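The values are calculated or read from the model by the stated rules, or taken from the named source; none is laboratory data. Predicted model only: the values in this text are computed from it and were never measured. We place every Cβ from the backbone using ideal geometry, glycine too, and count neighbours over all the protein chains shown.
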Amino acid sequence: MLRNGISHRALLFSVPASSAGVPADAGWAVPKGPRAKAIPSHLPDRLAICYIGWEWITETLADEPYGDLDRVMRSVKARGFNAVRTEMGLNWMFDMQGRRRGKVKFRG
């Protein structure tokens, strides 16, 4: 666990483009070509996506990194992200043949 209660795994995939040495005007995030559309005014010009692994499902006790999801989201925003992609644990819901597994029990 890191200082802000975020796991190392979450930070592994969560470096905003501005921190990763990508110039702000790199152009790869700007829509171009015949399918380009105007970005609606309620959305940011660019997305900075934080990936949070499956620990947000399993490490949710009060003293664990994701025990307070509101605090986690404030921390993500404070680090400059404006989008979050979470691992949904679908591999726990379905087996290799795509059949539902049934209820999943979690323990402390």
### Query
Within region 69-92, which residues are surrounded by 15 or more Cβ atoms within 10 Å (Cβ to Cβ) and of a type in the set (Lys, Arg)?
Arg79
## Note on the structure
Of (1) modelled with pLDDT of 60 or more; (2) under 30 Å from Val104 (Cβ atoms); (3) not in a helix (DSSP H, G or I), Leu47 satisfies every one except (2)
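Test Tyr66 against the stated conditions and say whether it is more than 16 Å from Phe106 (Cβ to Cβ), among the hydroxyl-bearing types (Ser, Thr, Tyr) and surrounded by 11 or more Cβ atoms within 10 Å (Cβ to Cβ).
On the way: more than 16 Å from Phe106 (Cβ to Cβ): no; among the hydroxyl-bearing types (Ser, Thr, Tyr): yes; surrounded by 11 or more Cβ atoms within 10 Å (Cβ to Cβ): yes.
No; evaluated as a whole, the condition is false for this residue.
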### Message
Based on this model, can you work out whether Val104 counts as within 13 Å of the chain's Cα centre (by Cα) and of a type in the set (Val, Ile, Thr)?
### Response
no
